[in-house]
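**Student:** One structure, as structure tokens, below. Some questions next.
The values are calculated or read from the model by the stated rules, or taken from the named source; none is laboratory data. Since the model is a prediction, treat every value here as computed from it, not as a measurement. Glycine also receives a Cβ, built like all others from the backbone with ideal geometry; neighbour counts cover every protein chain displayed. Ligands, DNA and RNA are excluded from the accessible area calculation, which covers all protein heavy atoms including side chains. Shrake-Rupley method; radii C 1.70, N 1.55, O 1.52, S 1.80 Å.
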Amino acid sequence: MSMQLGDLRTDYQHQDGLLEANMAASPIDEFKGWLSLAIANSPGEWFEPTAMTLATVGPGGQPAARVVLLKEIDDANRFVFFTSYASDKAAELAANPQATLAFYWGQLGRQVRIDGTVEKTDRETSAKYFATRPRSSQLGAVASDQSHEVTSRETLEAALAAAEAKYEGQDVPVPDDWGGYQLTPTRLEFWQGRPNRLHDRLVYQREGDGWAIRRLGP
Ligand SMILES: Cc1cc2nc3c(=O)[nH]c(=O)nc-3n(C[C@H](O)[C@H](O)[C@H](O)COP(=O)(O)O)c2cc1C
């Protein structure tokens, strides 16, 4: 039976729209403001305001999208996330480093889309972040062969138990195939839901050393 969802409709009541004149000159500063507001308006851990959809393109042109967590905006204004270098996304990024991030904060009626190019973070950055992760996450990273077929749940749990035994009483080293990516943005779009579908969309695009702002139809 089909699932009809056409009647589920939100009319965004956010009256405070986006005006070009009120936007920061740097889209990174604008983004940091939006993320801070989203964090301040995320009352439960299930809100995950740093969750972003990462879209990549596979060698055959097939897009792939999945959620990852933003862990840093570094001094060079790059968006950093961590993952397995043996995963499908890593293979896709090796073949085509162009990627897009999409944030959605429903409680604010806001979306941000960020296009750019990724490169791997250096080992030191990956190791520094790995060291801050809870031990259970570190062991999970050791035990999991991300994106590869697993015979059963038991196999996965046995791999975790083996990792726990191997590193008992010692620090868990960063797996060779685990680390970060940093995305350098080239285009950022800020979307604010407004009443009557007259949403605001403001796009920053690189122009020389600065950024040009354009408005797009919603
Ligand atoms: C809220 C949420 C946060 C996630 N964060 C990460 C993350 O930071 N890094 C990661 O590798 N996978 C993360 N995942 C899992 C990915 O969505 C995905 O399943 C995994 O990275 C494998 O993707 P791939 O096979 O396309 O490489 C997260 C999933 C959810 C739902």
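**Student:** Select from segment 99-113 the residues that are within 16 Å of the ligand (Cβ to nearest atom) and touching a strand residue (DSSP E or B) at 6+ places or on another chain (Cβ under 6 Å) and list them in ascending order.
**Tutor:** Result: 99, 100, 101, 102, 103, 104.
**Student:** Somewhere in segment 120-127, is a residue farther than 26 Å from residue 138 by Cα and either at pLDDT 95 or above or among the hydroxyl-bearing types (Ser, Thr, Tyr) (or both)?
**Tutor:** Filtering segment 120-127 down to residues farther than 26 Å from residue 138 by Cα leaves none.
No, every residue in segment 120-127 fails to be farther than 26 Å from residue 138 by Cα and either at pLDDT 95 or above or among the hydroxyl-bearing types (Ser, Thr, Tyr) (or both).
**Student:** Provide a single number: the residues in segment 133-146 that are of a type outside the set (Lys, Arg) and under 17 Å from residue 181 (Cα atoms). Before the answer, list the steps.
**Tutor:** Initially, segment 133-146 is screened for residues of a type outside the set (Lys, Arg), giving 134, 136-146.
Then drop every residue that is not under 17 Å from residue 181 (Cα atoms), which leaves 141, 146.
The total comes to 2.
**Student:** Take the conditions outside any helix (DSSP H, G or I), aliphatic (A, V, I, L, M), modelled with pLDDT of 95 or more and in contact with a strand residue (DSSP E or B) (Cβ under 8 Å, 6 or more places away or on another chain) and apply them to residue 203. Does it pass?
**Tutor:** Considered against the rule, which asks whether it is outside any helix (DSSP H, G or I), aliphatic (A, V, I, L, M), modelled with pLDDT of 95 or more and in contact with a strand residue (DSSP E or B) (Cβ under 8 Å, 6 or more places away or on another chain), residue 203 comes out as yes.
**Student:** Considering each residue of segment 34-78, count those that are open to solvent by less than 30 Å² (accessible area, probe 1.4 Å), within 16 Å of residue 108 (Cβ to Cβ) and more than 10 Å from the ligand (Cβ to nearest atom), and give that number.
**Tutor:** The qualifying residues number 6.
**Student:** Report yes if residue 31 is surrounded by 12 or more Cβ atoms within 10 Å (Cβ to Cβ) and part of a helix (DSSP H, G or I), otherwise no.
**Tutor:** Values: surrounded by 12 or more Cβ atoms within 10 Å (Cβ to Cβ): yes; part of a helix (DSSP H, G or I): yes.
So residue 31 passes the test.
**Student:** Can you tell me which residues in segment 79-93 are more than 7 Å from the ligand (Cβ to nearest atom) and either at pLDDT below 95 or hydroxyl-bearing (Ser, Thr, Tyr) (or both)?
**Tutor:** Taking segment 79-93 as the starting set, the residues that turn out to be more than 7 Å from the ligand (Cβ to nearest atom) are 79-80, 85-86, 91-93.
Across segment 79-93, the qualifying residue is only 85.
**Student:** Let me ask something else about it. Only residues that are surrounded by 11 or more Cβ atoms within 10 Å (Cβ to Cβ), in contact with a strand residue (DSSP E or B) (Cβ under 9 Å, 6 or more places away or on another chain) and either aliphatic (A, V, I, L, M) or in a helix (DSSP H, G or I) (or both): list them for segment 11-24, please.
**Tutor:** 18, 23
**Student:** So residue 148 ticks every box in (1) loosely packed, with under 15 Cβ neighbours inside 10 Å; (2) at negative phi; (3) more than 14 Å from the ligand (Cβ to nearest atom) but one. Which box is left unticked?
**Tutor:** It fails just one condition, (3).
**Student:** Moving on to the next point. Hey, could you check segment 172-218 for residues that are more than 17 Å from the chain's Cα centre (by Cα) and of a type in the set (Phe, Trp, Tyr) and say which is nearest to residue 115 (Cα to Cα)? First the steps, then the outcome.
**Tutor:** Start the filter on segment 172-218 by keeping residues that are more than 17 Å from the chain's Cα centre (by Cα), which leaves 172-177, 192-218.
Retained after the next criterion (residues that are of a type in the set (Phe, Trp, Tyr)): 204, 211.
Numbers: 204: 11, 211: 14 Å.
Checked segment 172-218; the qualifying residue nearest to residue 115 (Cα to Cα) is 204.
**Student:** Can you name the condition, by its number, that residue 124 falls short on among (1) within 12 Å of the ligand (Cβ to nearest atom); (2) loosely packed, with under 13 Cβ neighbours inside 10 Å?
**Tutor:** Unmet for residue 124, out of (1) within 12 Å of the ligand (Cβ to nearest atom); (2) loosely packed, with under 13 Cβ neighbours inside 10 Å: (1).
**Student:** Would you say residue 113 is under 16 Å from the mean Cα position of the chain (by Cα), more than 30 Å from residue 142 (Cβ to Cβ) and not acidic (Asp, Glu)? Break it down into steps so the answer makes sense when it comes.
**Tutor:** Working: under 16 Å from the mean Cα position of the chain (by Cα): yes; more than 30 Å from residue 142 (Cβ to Cβ): yes; not acidic (Asp, Glu): yes.
Answer is yes for this residue.
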